[in-house]
Amino acid sequence: MSGGISQDWEPVVIRKKPPTAAARKDEKAVNAARRAGAEIETIRKSAAGTNKAASSSATLNTRKLDEDTENLAHQKVPTELKKAIMQARQDKKLTQAQLAQLINEKPQIIQEYESGKAIPNQQIISKLERALGAKLRGKK
């Protein structure tokens, strides 16, 4: 190679990262340290291996649940509302599916409202009122 071109390479030194705290605690590292004669400190954690935090609060919650005898149930569609929806829909000669399409809901929702299984939702009721042109909520 003539022309005075020379390569000036710098040596690159790659070093391993020092072991992390988790790696220093693993079994291999501890055994290697024992073989090397290093001093190893072992500390027993007070609640190690037990799930005390979860079990202590659970007993309080289960006791509360056991003592709570109140019978809770979702609010259902009142009978007057069911009949009003059915009557207004039939007056307009609409099927449940057609009514559902008008208010952009699934036919199943109309079915649940008319059978009384749905949990009343004011937004859906107001959509029904608009689509059917009838007041459904004024009779409470």
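Points worth noting:
- Meets criteria (modelled with pLDDT under 90 and out of contact with any Lys or Arg (no Cβ under 7 Å at 6 or more places or on another chain)) for Glu70: yes
- Residues of segment 92-140 that turn out to be assigned to a loop (DSSP other than H, G, I, E, B), polar (S, T, N, Q), exposed (fewer than 13 other Cβ atoms within 10 Å of the Cβ) and under 34 Å from the mean Cα position of the chain (by Cα), as a count: 1
- Among the residues listed as Ser46, Ser56, the single one being surrounded by fewer than 10 Cβ atoms within 10 Å (Cβ to Cβ), modelled with pLDDT under 70, under 40 Å from the mean Cα position of the chain (by Cα) and polar (S, T, N, Q): Ser56
The values are calculated or read from the model by the stated rules, or taken from the named source; none is laboratory data. All values derive from a computational prediction rather than experimental measurement. Virtual Cβ from ideal backbone geometry, glycine too; neighbours counted across all protein chains shown.
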